[in-house]
Every structure is written in C-alpha cells, then in structure tokens.
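Trainee: The structure's right below; bear with me while I get my questions together.
The values are calculated or read from the model by the stated rules, or taken from the named source; none is laboratory data. The shown structure was predicted, so the numbers you read here are calculated from the model rather than taken from an experiment. Positions of Cβ are backbone-derived with ideal geometry, glycine not excepted, and every protein chain shown enters the neighbour counts. For the accessible areas, the whole protein counts, side chains as well, though only heavy atoms, and no ligand, DNA or RNA atoms are used. Shrake-Rupley method; radii C 1.70, N 1.55, O 1.52, S 1.80 Å.
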Amino acid sequence: MRKHVFFSTIFTTSLKPSLSTTSHYRTASSASASAASAFMASEIPETEDEQLDASCCVIQDKDLLRKTQNSGLHVLDLIDRGALEPDPTLYNKLLNKCTQLGKLPEGRIVHAHFLRSQFNRYLVIQNTVLNMYAKCGSLEEARQVFDEMPNRDMVTWTALITGYSQNDKPHDALVLFPQMLRLGLWPNQFTFSSLLKAAGAVPSDRDGRQIHGFVVKYGFNSNVYVGSSLVDMYARCNLMDEAQFVFDCLLSKNDVSYNALIAGHARKDEGEHAIRLFWKMQREDFKPTHFTYSSVFSACANIGALEQGKWVHAHMIKSGQQLIAFVGNTLLDMYAKSGSIEDAKKVFDRLIRRDVVSWNSMLAACGQHGRGKETVERFEEMLRIGIDPNEVTFLCVLTSCSHAGLLDKGLYYFDLMKKYEVEPEVSHYVTIVDLLGRAGQLDRAERFIRNMPIKPTAAVWGALLGACRMHKNMELGAYAAERVFELDPHDSGPHVLLSNIYASAGRWTDAAKVRKIMKESGVKKEPACSWVEIENAVHMFVANDDSHPQIEEICKKWVEICERIKEIGYIPDTSHVLLFVDQQEREAKLQYHSEKLALAFALLNTPPGSTIRIKKNIRVCGDCHSAFKFVSKMVEREIILRDTNRFHHFGAGFCSCGDYW
DNA sequence: CTAGGGTTAG
C-alpha cells in the first residue's frame, strides 16, 4: 500500500479568491473518496492503464515519470511539494485527460487545484474546465463556470453551446446564439456545427434555416464540418431535397458528409436510396466506416433487403472491418428483419463483445419470428450472466410473450421490472393490454387500463380495440374506439378496426357509417402494399393496382392458384372485406390484396423450391394468412411474410405463428 | 480551449 498526501493538502490549504463558489470544493471534497479510488489514488497498481496514461501525458521527463510512479504520487502532489513546476499546459492536459476518460470527480479536483494556482485567470484553461464539465455531462457545473467567468470569448460560448447540443438540450444551445451575436462575437465553424446539431433536434425547421443563413453570411458554407452538419440538420427536419442540395453544393465532401446523407435516407425508410449512395461513395473513393455500415444495414433491415444486405456484409468482411457491437447489432437486426433468424444468431454468436443492445436485438429477433420460448430462455440467460436489462429489453420480452400467447410469463416479467428498477413506460402498458386482450381476457385488460398509474394514451386503448376485433366484442370495441378517437383523431387505424368489427358482425350499416365519418373528417388510410425482392430488385405491389408490367400474368396466376388451393381445402373468408357488396364481388376484391399479388409474382419469377420472402406494410388479413398456408403446402415451398413487426414462416400448410398474431 | 455522421422496441 502506498501513502497518498494529495487530498490532505488540497483540502486543508486555505483557498485563494477564486472564480468559483465554494460548492466546487464541497462537491470535490465529498467526491474525494471515490475519486481517490480511481486515478488519483495511491492504491492503484502500476498496471492500471489510466493511472499511467494520466501521468505519461503530463510528465515528459522519463526520470521524473519513473519517480512519480515509484513513489505512487500524483502529478498534483508533486506540484504541492514543489517537486514539479506547474505550468498552464499541465492543467489543460490533466483536464483533457479527465474529459477523455469521462472522470468527473477527478476533473473537479483538478479544477479545484487550478483555482488555487497562479494561472487561475487564464481564459484558455477556464474554457477547458467548462468543456470538461460539459463533456462529462454536468451541464449545471459547466453553466456555473460560464456564469462566473469575468471574460468570455467565442470559444467559451461555443463550448457551452456544444455542451447543451451534445446533451439533448437543443433549446438551451439555440438561445445562446443570439446572445453571443449581440456581444459582437464572431461564430466559427465549431459554433455552427454544434448549433446545427441542436437545430436538427428541435421539431421546427425554422431555427435550422435561420442558422443556415448565418452560415452563408459568415462564410462557412464550404466548410466540410459545417456542410455535413447542414446535411444532417435538413435530413432530420424531413427535408431530404434540401439535404441533397446542400450535399451537392459541397466543394469538398468526405465520409462524414456521405454518412449524414445515407443515415438520413435510412431513417426515412428510403432504404434503396441509402444503398445506392453506399456504392456511389465508393466509386468516388470514400471509404465506408462503422457509421456507414451501421446506417446501410439499418436501411437494408427497413426494406427487408436480404440479398443486398448480404452483399454489403461481404463487402465489410473484405474490407477487413472488425465486427464491433454497434455495427454487429444492426447487422444482426438486418438478418432478423430480412427473415433470416439463423444468420442473425450467427452474428450474435460471433460478436466480440455483446452489449445490452446486442441482447435486446436478439430478443427482438426471436419475438419477431414467433419464438416466444426462445426469447424467454435467452432473457433468463442474459440475467444469469449479469447483463442489466433496460426498458427496451423488457419491451422485447413482453411483446414476444404476447405474440406467443405466453400470458403468465408476460405478467411475471412485467412484475419483474420492479426488481430491476426499470420504470414501466406507456409502451409496456400497451403490451400488457395486448397480452391480456389476445388471451381473450378483455375485461381484465380494461380493468388493467383503469388501474394504470399513468394516463392511458391512444395506443393503450388501441391495443384493447385490436383485441376486441380479434375476439369480436362489439360493445367494448366501440367504447375503446371512442377513447382512441378522442386521444388521436387523425389515426386511420382505429376507424378501420371499428369498421371491421361491425363488418364481421354483419352490421354493414354501422361499418359504412364509420367509413363515412372517416372520409368526412379527412382521415386517410395508408394504402396497403407488399414488396418482394427478386434478383436484387425490389418489386412493390399495391392492392388493386395494375401498374406492374406483368400484372395480367400475375392475376391469371393467382386465379389459377386460388382454384387449386380451393381443391385442397381453402375457403375464402370474406369477413375481411368491408364493403357492402355481394359475395362474388367480395371474393374478387380479396384476390387483389397486395400480398397475394406479390406471392403470385414470386411464384412466376423464382425457381421451384426456393424460399419466398415477402414484406408487407400492415398486418396480414386472415384470408391471406389462410391462403398462404395452403399455397405453401401446394407448392412445397417455404414462404416468409414480414408483417409490420413480426414474421410468418409458412411451410407444409402451417404457419410459425400458430394462427396467433 | 471549441465541431459534424451510427444500433435495439412500438
């Protein structure tokens, strides 16, 4: 054990007049015990990298470094003992080290020591202190330093703006800008980059456009940092054309500007565009980074492009990039969302380090593929290993239980959230309502809603409405629908569901009434479409749409399939057709559901025996579900249908969801 | 001394 003198000296020495209130000292003092255990302390063995790092970075003299390490004293002790002549750069290096390692308590101590030093009026070091607090996430202390500084330069303002913008306080960042301009300070490229990041995080695009104006005025529009920030800001404001325009205007692009644009398209569900840009950036000799791969895999996942995703994966392997968790998690998700759960598992197994997101992604993958039991097993394993579950973990587990009909397990895990101190959010309540509702316990679900400690949202009542549709409970369904209409009048979903409830009960007048209200209030239903990927091209089908070049052939094929599956037991279920039309007409309508068109198209254009993968933007209807089962049996092929949030694996006349979805 | 781009759920 080595003795340490640093704390006894620093906290007993009388303090010089300082920039700061004594609260820094109090905080530093109270933090001393934990701080001591980290990189200031004597007990730390020489093998502790951070201890060595900290010393190495400030002590250039090798002899002195050895002496420091051998004596176990810290640099600041050496100054106190007069063994080391302090200079301003030393404080900067120490503070930056704390920033880099995210060591707030240690940073406070260096700050305290700096305040006692002869350099405590140095603006540059004060800025470094401010930056240290901001980067360590303590915006209150950063602000306090800022407020107490007698002089502030542009860097001071920029450091605080950056602090707010990087810590999810965009409004605080944005209000500082006009204040700083009023003082006559000139913003630079750093200021604008941070401001634009903040502007991209607020709902309106007003601030972003204004800042863009100032960027031009101050002449930073050709700076690649500012340019990338502009691209990102416009992309986040849903202004993809503007983002593209700014990008095209950039005189010098780099990988970051490309990534900002690619990520923008990936977020906006414009996967094909993102993938095109991925290949384009390489034609222009920009190397994809982890950021790029992460965005591109997520783009592939969104559109369910398995083949393209595999190409990008192969490309990443060839380029020698390591599979770090951040990228691996999106890769895993890509395979899972493209329907290949087996590949997703392989990625999970090969991850060098698994973080909580890796586990969550794997749990989500199992849930999406209807493997409730496996979700539960993996979750238990995760707890055994000692990975702390977070709110997403529980959401994955609960939805998985709900999809698999594991009622008791789901309720048990909901209760378990308390033990792991994860506060249930409204989405968790939605899942429990869904779980109870699917299991047919509609009254219990309603009671559960009434006993919620937080205010139920439209989604909560929507889950009950969905369950009422499933179990054909008209009365409670109408009541739930009313609650949804109140809370979210613009969503078409509940109107459609309620109309469906009436329709399946044969109450065509009521069904039509709901449709009429929907039409009058301007609520629009999202058109249903399906996608199928064939030979690296994605084909899209919309219900009753005849724009596809092969449409005649496709319809002919479906009629033929329909006749053949009727022979082996398929009975068209017309309760899913909502219009007040006669039986024959309803059957005709059913034929053109987009997933059926996609299936017919795939059967026409793929080799016998190969797996067919179809993606749909809304829940599959009961009739299509039944038809797909019969087709899988008839053609002896596996058909994988991706719903909005889950998968149906059809094979030999059965579906993996067990008709429970 | 100050800057930009990435993941899981619903």
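Trainee: If you scan the stretch A:362-372, which residues turn out to be open to solvent by 20 Å² or more (accessible area, probe 1.4 Å) and at pLDDT 95 or above?
Mentor: A:Ala364
Trainee: Return the residues of the stretch A:251-277 that are closer than 14 Å to A:Tyr293 by Cα, more than 12 Å from DNA strand B (Cβ to nearest atom) and buried (at least 17 other Cβ atoms within 10 Å of the Cβ); say none if nothing qualifies.
Mentor: A:Ile275, A:Leu277
Trainee: Still on this structure: Determine, yes or no, whether A:Ala478 is within 31 Å of the chain's Cα centre (by Cα) and in contact (Cβ under 8 Å) with a residue 12 or more places away in the chain.
Mentor: The answer is no for A:Ala478.
Trainee: For the stretch A:122-131, indicate whether the set of residues that are modelled with pLDDT of 95 or more, more than 13 Å from DNA strand B (Cβ to nearest atom), aliphatic (A, V, I, L, M) and open to solvent by less than 10 Å² (accessible area, probe 1.4 Å) is non-empty.
Mentor: no
Trainee: If you don't mind, another one. Determine, yes or no, whether A:Leu407 is closer than 21 Å to A:Trp661 by Cβ and away from DNA strand B (no atom under 15 Å from the Cβ).
Mentor: It is true that A:Leu407 is closer than 21 Å to A:Trp661 by Cβ and away from DNA strand B (no atom under 15 Å from the Cβ).
Trainee: What number of residues within the stretch A:505-516 satisfy the criterion of being open to solvent by 30 Å² or more (accessible area, probe 1.4 Å) and either touching a residue at least 12 places away in the same chain (Cβ under 8 Å) or over 13 Å from A:Met474 (Cα atoms) (or both)?
Mentor: Qualifying residue count for the region: 8.
Trainee: OK, next. Name the helices (runs of 4 or more DSSP H) wholly inside the stretch A:375-483 in which the number of residues that are assigned by TED's automatic domain parsing to the domain that holds A:Val496 and under 30 Å from A:Ser504 (Cα atoms) is 2 or more.
Mentor: Because the criterion is at least 2 residues that are assigned by TED's automatic domain parsing to the domain that holds A:Val496 and under 30 Å from A:Ser504 (Cα atoms), the helices (runs of 4 or more DSSP H) in the stretch A:375-483 that meet it are A:426-438, A:442-450, A:458-470.
Trainee: Please list, ordered by residue number, the helices (runs of 4 or more DSSP H) wholly in the stretch A:288-349 having 2 or more residues that are open to solvent by less than 30 Å² (accessible area, probe 1.4 Å) and more than 12 Å from DNA strand B (Cβ to nearest atom).
Mentor: In the stretch A:288-349, A:306-318 are the helices (runs of 4 or more DSSP H) which contain 2 or more residues that are open to solvent by less than 30 Å² (accessible area, probe 1.4 Å) and more than 12 Å from DNA strand B (Cβ to nearest atom).
Trainee: Please specify each residue of the stretch A:216-232 satisfying the condition of being crowded, with 22+ Cβ neighbours inside 10 Å and either more than 12 Å from DNA strand B (Cβ to nearest atom) or charged (D, E, K, R) (or both).
Mentor: Listed by number, the list holds a single entry, A:Asp232.
Trainee: Within the stretch A:233-250, which residues are in a loop (DSSP other than H, G, I, E, B) and open to solvent by 50 Å² or more (accessible area, probe 1.4 Å)?
Mentor: Listed by number, the list holds a single entry, A:Asn238.
Trainee: Any residue that is in contact (Cβ under 8 Å) with a residue 24 or more places away in the chain, assigned to a helix (DSSP H, G or I), within 8 Å of DNA strand B (Cβ to nearest atom) and over 22 Å from A:Arg267 (Cα atoms) - is there at least one of those in the stretch A:364-372?
Mentor: Looking through the stretch A:364-372, at least one residue is in contact (Cβ under 8 Å) with a residue 24 or more places away in the chain, assigned to a helix (DSSP H, G or I), within 8 Å of DNA strand B (Cβ to nearest atom) and over 22 Å from A:Arg267 (Cα atoms).
Trainee: Within the stretch A:73-92, take every residue that is within 16 Å of DNA strand B (Cβ to nearest atom) and assigned to a helix (DSSP H, G or I) and give me the one that is nearest to the chain's Cα centre (by Cα).
Mentor: The extreme case among them is A:Asn92.
Trainee: Same structure again: What's the number of the condition A:Ser492 fails, among (1) at pLDDT 75 or above; (2) open to solvent by less than 40 Å² (accessible area, probe 1.4 Å)?
Mentor: Answer for A:Ser492: the failing condition is (1).
Trainee: Across the stretch A:630-661, which residue is nearest to DNA strand B (Cβ to nearest atom) among those that are modelled with pLDDT of 90 or more and assigned to a loop (DSSP other than H, G, I, E, B)?
Mentor: Out of the qualifying residues, it is A:Glu638.
Trainee: Can you work out which of the residues in the stretch A:148-197 that are part of a helix (DSSP H, G or I) and of a type in the set (D, E, K, R) is nearest to DNA strand B (Cβ to nearest atom)?
Mentor: For the stretch A:148-197, the residue satisfying everything is A:Lys197.
Trainee: Pairs please, first residue from the stretch A:150-173 and on the phi > 0 side of the Ramachandran plot, second anywhere and modelled with pLDDT under 95, Cβ atoms under 7 Å, 6+ apart in sequence or on different chains.
Mentor: Partner pairs satisfying both residue conditions: none exist.
Trainee: Here's another thing I want to ask about it. What are the pairs, 6+ residues apart or on separate chains, where a residue within the stretch A:381-404 that is over 11 Å from A:Val356 (Cα atoms) and without any contact (Cβ under 8 Å) to a residue 40 or more places away in the chain has its Cβ under 6 Å from a residue that is more than 11 Å from DNA strand B (Cβ to nearest atom) and open to solvent by 40 Å² or more (accessible area, probe 1.4 Å)?
Mentor: A:Cys401/A:Lys409
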